1. Just one of (1) modelled with pLDDT under 85; (2) surrounded by 11 or more Cβ atoms within 10 Å (Cβ to Cβ) trips up residue 30, so point out which.
2. Give, as residue ranges, the helices (runs of 4 or more DSSP H) completely inside region 1-83 that count at least 1 residues that are in contact (Cβ under 8 Å) with a residue 12 or more places away in the chain and closer than 25 Å to residue 93 by Cβ.
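The values are calculated or read from the model by the stated rules, or taken from the named source; none is laboratory data. Small disclaimer: the values here were computed from a predicted structure and weren't measured. Heads up, the Cβs are rebuilt from the backbone with ideal geometry, glycines too, and the neighbour counts pull from every protein chain shown.
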């Protein structure tokens with residue numbers, strides 16, 4: 001089987017495309033499901049896709065329990081707290097652009113303050 005790799009120049013664009021479609025999917029999916037139900041479906045589908053990719057690429061898991069724990073906490077914070085808040089804001093009809101801008105501004109500001 002041929003090694004599956006992506007150009008380093010393509011990866012950021014692919015990430016932005018996939019990440020931004022989450023806002024669009026939330027906008028059109030929330031009239032039919034509650035925010036955390038929709039988020040659960042999204043995470044379940046992501047889990048299935050990533051598990052298949054891991055099997056194909058023969059990816060390895062973290063070697064220590066603490067590393068695995070840190071990954072779980074990070075995932076919970078990003079996908080549970082951040083996306084849960086975004087989905088709830090969309091459900092409350094707060095404009096998507098405002099929601100995305102607020103979170104990205106906050107993340108950028110916090111990231112820059114860590115470098116000082």
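1. Unmet for residue 30, out of (1) modelled with pLDDT under 85; (2) surrounded by 11 or more Cβ atoms within 10 Å (Cβ to Cβ): (1).
2. 10-29, 35-57
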